[in-house]
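A.B. asks: Below is a structure I'd like to ask you about.
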Amino acid sequence: MEELQSALKGNGLTLSNLPEKGRCLLTTRDFHPGEVIISQEPYVCVPNKSPVESRCDGCFTTSNLKKCSGCHVVWYCGSTCQKLDWKLHRLECEALSRLDKDRRKCVTPSIRLMVKLYLRRKLQSEKVIPTTATDNYNLVEALVSHMPDIDEKQLVLYAQMANLVNFILQQPDINIKEIAENFSKFACNAHTICDSELIPLGTGLYPVISIINHSCLPNSVLVFEGRLAVIRAVQHIPQGAEVLISYIDTTGSTMTRQKALKEQYLFTCACPRCIKLSDDIQESAVLEGYRCKDEGCNGFLLRSSDDKGFICQQCGRVRDKEEIRKIASEVKSMSEKALMSLSSGNQLEAVSMHQTIEKLQRKLCHPFSISLMQTREKVLKILMELQNWREALAYCKLTIPVYQRVYPGFHPLLGLQYYTCGKLEWFLGDTEDAIKSMTKAMDILRITHGTNTPFMRDLLMKLEEAHAEASHKLSCKDE
């Protein structure tokens, strides 16, 4: 790992080991908000598989695609992406072409990711693809697998997947047990590759980025520029501090976050936010609990000592347990029907049902409830698809106060929600409000996304156009 240490040194970083945490990245200089700490291309990556939409294996676009005539599995947008990928895909294409039609259908993105992992290792060992300090199979070998912590059912699944990979590759020197262990490494080390609006596009393995540990109060953020993983500081990080990102959505209570981390990444978080147990009681009651019976009260409710109801900690009113159970049952029933409507393509019926759910949740949940916010997001998404811009804007505005509460100041999701709000306001002619929203979006996203991507240049252009439009309107009034 001496070569890696040397490469990291050039980035102002050092690889270290911390008790109970294992490997981590520490800073050897100060980093400021918006500054790139480290970036890495994937060792291997694959686009998501969708029944309605295919993606180019090179750049993940959905435009101008042609299927590989050899394997009939992989898609490319043109000769540029195909040529760049050819050294690796030539071997993958040969392997996939040997499969019959039914077996090819079983080739999931996870299976492809593993196949590509071993083919890239082979090509690097044969010097067909060069290795560097941050691009070599030794970095994959060093990743933690958590194999002793995995239950028997999951181990059996990994073994079955490993057998399929072995069948596809037909390389006698490959160890099936090692393949199964690598599937476990994927589960807790691979990253979901997203576009600038955090829409998932694919999965990639970034062995150096994977060294960075989790915190529910991160000082950095991971975003993607194409397939390139980029870590940016979202606050001042002093020399000698650990670089930390969040592996999960941190909106939930400590219990919810701990459950998600344990299930997916097999560890218990001990960050400052997680060890504040006294704060978690109120946090859970607000984010995942019920609202006070008095609509003018924003107090949070805790279970009564006799377990017959919930008491507001602000005004003392008691809410009956049976009343809560009845509304919750209605919400559950209506949610199942809404899901069926959406899956059948009936958007008008689905949005109407979700709006009914939102009304029920307003009676049931605290105003800052995560489930209420998620319902409003679903309504917003459907309304935008239906091009009902005015109503979409109303729901977008309802989500902002919750975003402000549950996310830190420089969080990409908060910035993106401001941007959505701004675009809707501008489209509807509310230029002054649009400028305010897009300015807030720019203030956040320039830190999380930088300023040189096409996405950010587009945001800047829209903001400049909105300013010009506002100036024109003002000059017309003066005349």
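A.B. asks: Can you name every residue in the stretch 444-458 that is within 21 Å of the chain's Cα centre (by Cα) and open to solvent by less than 80 Å² (accessible area, probe 1.4 Å)? Spell out how you get there, then give the answer.
C.D. replies: Our first condition is that a residue be within 21 Å of the chain's Cα centre (by Cα); within the stretch 444-458, this holds for 444-451, 453-456.
Those that are within 21 Å of the chain's Cα centre (by Cα) and open to solvent by less than 80 Å² (accessible area, probe 1.4 Å): ILE444, LEU445, ILE447, THR448, HIS449, GLY450, THR453, PHE455, MET456.
A.B. asks: Further question on the same structure: Is it true that CYS81 is assigned to a strand (DSSP E or B), open to solvent by less than 30 Å² (accessible area, probe 1.4 Å) and closer than 22 Å to LEU91 by Cβ?
C.D. replies: no
A.B. asks: Go through the stretch 1-35 and report how many residues are open to solvent by less than 30 Å² (accessible area, probe 1.4 Å) and either of a type in the set (Lys, Arg) or assigned to a loop (DSSP other than H, G, I, E, B) (or both).
C.D. replies: Result for the stretch 1-35: 2.
A.B. asks: Here is a list: ARG390, ARG446, ARG457. Which entry is in contact (Cβ under 8 Å) with a residue 60 or more places away in the chain and more than 30 Å from ILE311 (Cβ to Cβ)? Show your work before the answer.
C.D. replies: On the way: ARG390 fails: in contact (Cβ under 8 Å) with a residue 60 or more places away in the chain; ARG457 fails: in contact (Cβ under 8 Å) with a residue 60 or more places away in the chain.
ARG446 is the lone residue from the list that is in contact (Cβ under 8 Å) with a residue 60 or more places away in the chain and more than 30 Å from ILE311 (Cβ to Cβ).
A.B. asks: Okay, next question. Report whether or not CYS292 is closer than 30 Å to VAL36 by Cβ, open to solvent by less than 30 Å² (accessible area, probe 1.4 Å) and either at pLDDT below 90 or more than 19 Å from the chain's Cα centre (by Cα) (or both). Lay out the reasoning, then the answer.
C.D. replies: Values: closer than 30 Å to VAL36 by Cβ: no; open to solvent by less than 30 Å² (accessible area, probe 1.4 Å): yes; either at pLDDT below 90 or more than 19 Å from the chain's Cα centre (by Cα) (or both): yes.
Considered against the rule, which asks whether it is closer than 30 Å to VAL36 by Cβ, open to solvent by less than 30 Å² (accessible area, probe 1.4 Å) and either at pLDDT below 90 or more than 19 Å from the chain's Cα centre (by Cα) (or both), CYS292 comes out as no.
A.B. asks: Filter the stretch 187-227 down to the residues that are open to solvent by 20 Å² or more (accessible area, probe 1.4 Å), more than 26 Å from CYS274 (Cβ to Cβ), of a type in the set (Gly, Ala, Ser) and under 14 Å from the mean Cα position of the chain (by Cα) and list them by number.
C.D. replies: Within the stretch 187-227, just SER196 meets the criteria.
A.B. asks: Residues in the stretch 376-395: is at least one under 22 Å from MET255 (Cα atoms) and either open to solvent by less than 60 Å² (accessible area, probe 1.4 Å) or not hydroxyl-bearing (Ser, Thr, Tyr) (or both)?
C.D. replies: No, that holds for no residue.
A.B. asks: Additional query: With respect to the numbered conditions (1) exposed (fewer than 15 other Cβ atoms within 10 Å of the Cβ); (2) in a loop (DSSP other than H, G, I, E, B), which one is the sole condition not fulfilled by SER54?
C.D. replies: Condition (1) is where SER54 drops out.
A.B. asks: Among the numbered criteria (1) in contact with a helix residue (DSSP H, G or I) (Cβ under 8 Å, 6 or more places away or on another chain); (2) assigned to a loop (DSSP other than H, G, I, E, B); (3) on the phi < 0 side of the Ramachandran plot, which one does PRO42 miss?
C.D. replies: Failed condition: (1).
A.B. asks: Go through the stretch 94-111 and give me each residue that's over 22 Å from GLU53 (Cβ atoms), part of a helix (DSSP H, G or I) and not aliphatic (A, V, I, L, M). Talk me through it step by step, then tell me what you get.
C.D. replies: The initial filter retains those residues of the stretch 94-111 that are over 22 Å from GLU53 (Cβ atoms), namely 94-95, 97-100, 102-103.
The next check asks that each one be part of a helix (DSSP H, G or I); those that pass are 94-95, 97, 102-103.
Passing the criteria: GLU94, SER97, ASP102, ARG103.
A.B. asks: Exactly one of these conditions fails for PRO148: (1) under 25 Å from ALA229 (Cβ atoms); (2) out of contact with any strand residue (DSSP E or B) (no Cβ under 7 Å at 6 or more places or on another chain); (3) assigned to a helix (DSSP H, G or I). Give me its number.
C.D. replies: Answer for PRO148: the failing condition is (1).
A.B. asks: Go through (1) more than 30 Å from THR250 (Cβ to Cβ); (2) surrounded by 15 or more Cβ atoms within 10 Å (Cβ to Cβ); (3) not polar (S, T, N, Q) for PHE310 and report which single condition fails.
C.D. replies: Only one criterion in (1) more than 30 Å from THR250 (Cβ to Cβ); (2) surrounded by 15 or more Cβ atoms within 10 Å (Cβ to Cβ); (3) not polar (S, T, N, Q) is unmet by PHE310, namely (1).
A.B. asks: Among the residues of the stretch 279-288, is there at least one that is buried (at least 19 other Cβ atoms within 10 Å of the Cβ) and part of a loop (DSSP other than H, G, I, E, B)?
C.D. replies: no
A.B. asks: Filtering the stretch 398-443 down to residues that are farther than 26 Å from GLN387 by Cβ and hydrophobic (A, V, I, L, M, F, W, C), which residue is most open to solvent (accessible area, probe 1.4 Å)?
C.D. replies: Here is the first cut: in the stretch 398-443, the ones farther than 26 Å from GLN387 by Cβ are 404-411, 443.
Keeping just the survivors that are hydrophobic (A, V, I, L, M, F, W, C) gives 406, 410.
Details: VAL406: 14, PHE410: 83 Å².
If we take residues in the stretch 398-443 being farther than 26 Å from GLN387 by Cβ and hydrophobic (A, V, I, L, M, F, W, C), then PHE410 is most open to solvent (accessible area, probe 1.4 Å).
A.B. asks: Would you mind telling me which numbered condition in (1) at pLDDT below 95; (2) surrounded by 12 or more Cβ atoms within 10 Å (Cβ to Cβ) THR268 fails?
C.D. replies: THR268 satisfies all of (1) at pLDDT below 95; (2) surrounded by 12 or more Cβ atoms within 10 Å (Cβ to Cβ) except (2).
A.B. asks: Kindly list, by first and then second residue, each pair from a residue in the stretch 126-141 that is within 19 Å of MET114 (Cβ to Cβ) to a residue that is part of a loop (DSSP other than H, G, I, E, B) and open to solvent by less than 20 Å² (accessible area, probe 1.4 Å), limited to pairs with Cβ atoms under 7 Å and residues at least 6 apart or on different chains.
C.D. replies: ASP135/TYR43; LEU139/PRO207; LEU139/VAL208; VAL140/TYR43; VAL140/PRO207
A.B. asks: So, one more: Which residue out of LYS116, LYS122 is crowded, with 17+ Cβ neighbours inside 10 Å, in contact with a strand residue (DSSP E or B) (Cβ under 7 Å, 6 or more places away or on another chain) and either assigned to a loop (DSSP other than H, G, I, E, B) or basic (Lys, Arg) (or both)?
C.D. replies: Working: LYS122 fails: in contact with a strand residue (DSSP E or B) (Cβ under 7 Å, 6 or more places away or on another chain).
Selected residue: LYS116, the only one of LYS116, LYS122 that is crowded, with 17+ Cβ neighbours inside 10 Å, in contact with a strand residue (DSSP E or B) (Cβ under 7 Å, 6 or more places away or on another chain) and either assigned to a loop (DSSP other than H, G, I, E, B) or basic (Lys, Arg) (or both).
A.B. asks: Continuing with the same structure: Of all residues being over 20 Å from the mean Cα position of the chain (by Cα) and not charged (D, E, K, R) in the stretch 236-259, which is least open to solvent (accessible area, probe 1.4 Å)? Just the residue, please.
C.D. replies: Step one: filter the stretch 236-259 for residues over 20 Å from the mean Cα position of the chain (by Cα), giving 236-242.
After this cut, where a residue has to be not charged (D, E, K, R) as well, the list is 236-241.
Numbers: HIS236: 89, ILE237: 1, PRO238: 62, GLN239: 126, GLY240: 50, ALA241: 24 Å².
Among those that are over 20 Å from the mean Cα position of the chain (by Cα) and not charged (D, E, K, R), it is ILE237.
A.B. asks: If you don't mind, another one. Output the strands (runs of 3 or more DSSP E) that fall wholly within the stretch 190-257 and possess 1 or more residues being charged (D, E, K, R) and in contact (Cβ under 8 Å) with a residue 12 or more places away in the chain, or say none.
C.D. replies: Numbers: elements: 191-194, 200-205, 220-225, 228-233.
Once the strands (runs of 3 or more DSSP E) in the stretch 190-257 are filtered for at least 1 residues that are charged (D, E, K, R) and in contact (Cβ under 8 Å) with a residue 12 or more places away in the chain, what remains is 220-225, 228-233.
A.B. asks: Could you identify the single residue in GLU94, GLU141 that is more than 30 Å from LEU15 (Cβ to Cβ) and either among the charged types (D, E, K, R) or open to solvent by 70 Å² or more (accessible area, probe 1.4 Å) (or both)?
C.D. replies: Values: GLU141 fails: more than 30 Å from LEU15 (Cβ to Cβ).
Just one listed residue meets the conditions, GLU94.
A.B. asks: Looking at the stretch 163-180, is at least one residue surrounded by fewer than 18 Cβ atoms within 10 Å (Cβ to Cβ), touching a residue at least 24 places away in the same chain (Cβ under 8 Å), assigned to a strand (DSSP E or B) and not small (Gly, Ala, Ser)?
C.D. replies: So far as the stretch 163-180 goes, no, none of its residues is surrounded by fewer than 18 Cβ atoms within 10 Å (Cβ to Cβ), touching a residue at least 24 places away in the same chain (Cβ under 8 Å), assigned to a strand (DSSP E or B) and not small (Gly, Ala, Ser).
Here's the yes/no breakdown for (1) in contact with a His (Cβ under 7 Å, 6 or more places away or on another chain); (2) more than 30 Å from GLN239 (Cβ to Cβ); (3) of a type in the set (Ser, Thr, Tyr):
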position	(1), (2), (3)
GLU35	no, no, no
THR61	no, yes, yes
CYS81	no, yes, no
LEU84	no, yes, no
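A.B. asks: Given the stretch 396-479, what helices (runs of 4 or more DSSP H) lie entirely inside it while holding 3 or more residues that are modelled with pLDDT of 95 or more and over 30 Å from GLN361 (Cα atoms)? Spell out how you get there, then give the answer.
C.D. replies: Working: elements: 412-427, 431-448, 454-478.
Counting at least 3 such residues, we get 431-448, 454-478.
The values are calculated or read from the model by the stated rules, or taken from the named source; none is laboratory data. This is a predicted model, so every value here is computed, not measured. Cβ atoms come from the backbone with ideal geometry, glycine included; neighbour counts cover every protein chain shown. Protein only, heavy atoms only, side chains kept; ligands, DNA and RNA dropped before computing areas. Shrake-Rupley method; radii C 1.70, N 1.55, O 1.52, S 1.80 Å.
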